[in-house]
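The values are calculated or read from the model by the stated rules, or taken from the named source; none is laboratory data. Just so we're clear, the structure is a prediction, and the values are computed from it rather than from any experiment. Note that each Cβ is placed from the backbone with ideal geometry, even for glycine, and that neighbours are counted across all protein chains shown. Accessible surface areas use protein heavy atoms only, side chains included; no ligands, DNA or RNA. Shrake-Rupley method; radii C 1.70, N 1.55, O 1.52, S 1.80 Å.
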Amino acid sequence: MKKHLTKLLAFCLVLALALPLAACGKKDTPNPNPAPTNSPTVDQPSDTPDPTAEPSQEPVPTADPEDAVRSYWSEDQLTQAWGPGQVVEHLFFHPVIAYPEFAFSSAVPQDRQEGLDDWMVTVDEFNKILQSVYEKGYILVNMCDVWSEYTNENGEQRMQRNTLMLPEGKKPLIMSFDDVNYYDYMLSEGFMSKLIVGEDGDIWAYGVDPFTGEEVVTQDLDATTILDKFVREHPDFSLNGAKGCFSLTGYQGILGYRTQNDIDIAADSPERPAFDAKRQAEIDAVKPVIARLKETGWTFGSHTWGHIRLAAEGEKADARLKRDTLRWQEEVGSLVGPTNILFYPHGGRPDGDHDQGETYGPQFVWLQEQGFRIFASVGISSYSQIKTTISAVICDRLHPDGTTLRSGKAREHYLQFYDPKDIIDLDVRPNLGVTW
């Protein structure tokens with residue numbers, strides 16, 4: 001497993017650190033009628049109007065399909081207490097491969113295929129994982145509901161694990177999604193290109209079919225829209241409308257929109273006006289997407305602006321971290337809102353390894369001072385540890401992907417969620433073998 005995690009550290013791209021409070025902070029008031037973005041129109045079925053009917057004097061409000069999700073569980077049904085001594089499981093994914101037949105073909109270089117095989121799952125595999133965790137009794141919970149900050153008897157701020165009230169027989173599950181930025185490399189390797197708001201007000205995925213070159217707008221080829229659709233079809237899979245948490249960088253924008261600044265273009269450069277205008281158009285286009293995601297149970301965390309390694313030491317590393325954090329705040333936090341969640345890029349921990357005690361490096365202390373409270377890495381279990389001398393909690397999350405789907409040793413850690421033998425699609429993945 002250490003070998004796999006070492007490979008994971010090397011693969012994760014570069015990016016962005018979050019500022020205090022966007023995932024667990026005060027929620028923004030959502031736009032009740034989010035405008036479509038400047039992306040292709042989604043064709044929606046419509047009923048044929050009755051020509052004999054009297055025309056309505058007032059428009060009939062359309063019910064939000066998410067209302068049934070948010071209100072599915074009533075308070076009197078939440079009778080099972082899931083206390084601080086019980087594990088809250090956490091699975092994370094990278095963007096799913098929409099067109100695996102293309103991604104694992106000669107159209108993509110061999111080394112890139114191996115990277116995709118290691119760290120991604122396909123659409124079909126993601127669908128099967130969702131079905132399995134649902135059948136095993138898991139229910140999605142908001143990561144921000146699991147831990148909270150309080151003031152102790154000495155007037156000090158500390159973190160605590162909350163008791164979750166669940167329906168009988170359900171087990172809590174956090175899902176997070178790294179690098180939902182739709183990097184340039186993804187656009188040529190069989191992924192979707194961006195999230196958009198359709199004319200129906202729902203989130204859709206936009207992309208280009210790599211085989212035909214045709215534009216595609218769908219809810220069936222992207223992890224975000226697949227999970228949205230699954231929860232609408234199985235509203236008992238979500239507690240109070242919870243979905244997942246996006247772990248975002250910023251160096252190539254967010255959610256498929258190139259919102260990043262280019263600090264190499266001087267303010268007085270003749271290139272600056274055109275660049276600023278194009279960037280502002282991307283910012284304007286992503287805002288309704290963010291609003292709708294928040295409204296439908298999604299939250300946001302930082303993955304650093306540049307996907308930087310946080311375990312590095314020295315003055316240069318510390319200075320880089322501070323620049324990166326401020327840039328994430330300016331370019332990403334300003335759009336998604338504040339967050340107290342930091343997802344470690346490459347798995348590197350500036351706070352040290354598991355159970356390292358109460359000694360912290362300068363990077364960890366500085367990040368905590370910026371408002372981060374939940375620090376999430378990658379491991380073989382949904383480990384968590386609340387610190388006692390600082391207001392922080394560290395936690396690990398498991399990673400369904402090619403490395404763990406192929407591994408007999410990893411399989412034992414995932415059987416509580418699914419059997420990798422039933423999930424992995426060996427018909428489309430490279431012939432790299434399995435060890436179970």
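Listed values, structure above:
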item	result
Share of carbon and sulfur in the accessible heavy-atom surface of the range 124-171 [1.4 Å probe, %]	39
Rg(Cα)/(2.2 N^0.38 Å) for the range 70-114, N = residue count	2.24
Principal semi-axes in Å for the range 347-436 [√(5λ), Cα gyration tensor, largest first]	35, 12, 10
Of the GluC sites (Glu not before Pro) in the range 232-299, those whose Cβ has at most 12 other Cβ within 10 Å and which sit in DSSP loop	271
Extension gain, residue 77 back to residue 268 (0.36 nm per residue minus Cα-Cα distance, nm)	62.6 nm
Area of residue 413 that stays accessible when all protein chains are in place (1.4 Å probe, Å², to 10)	50
Isotropically averaged projected area of the range 75-213, using the convex hull of Cα atoms (one quarter of hull area), nm²	13.0
Eligible aspartates and glutamates near residue 421 by straight Cα distance, threshold 14 Å, same-chain separation 8 or greater	124, 125, 401, 412
Gain on full stretching of the segment that runs from residue 165 to residue 334 - 0.36 nm per residue minus C-alpha separation	57.6 nm
Rg ratio (alpha-carbon, reference 2.2 N^0.38 Å) - the range 220-311	1.37
Hull-based mean projected area of the range 249-357, where the convex hull spans the alpha carbons, in square nanometres	8.6
Theoretical gain in end-to-end length, residue 199 to residue 184 [0.36 nm per residue, Cα-Cα removed]	2.7 nm
Quarter of Cα convex hull surface for the range 172-278, i.e. mean projection, nm²	9.2
Per-peptide average of other Cβ atoms within 10 Å, ordering 63-75, 254-266, 151-163 highest first	254-266, 63-75, 151-163
Solvent-accessible area of residue 272 with every protein chain in place, 1.4 Å probe, in Å² to the nearest 10	30
Set 128/194; 229/294; 136/170; 170/294; 243/294; 136/294 screened for pairs whose C-alpha atoms are more than 18 Å apart	128/194; 170/294; 136/294
Efficiency of FRET from Cβ geometry, residue 86 and residue 236, R₀ 22 Å, rounded to 0.05	0.65
Calculated FRET efficiency for the pair residue 280/residue 434, C-beta based, R₀ 60 Å, to 0.05	0.80
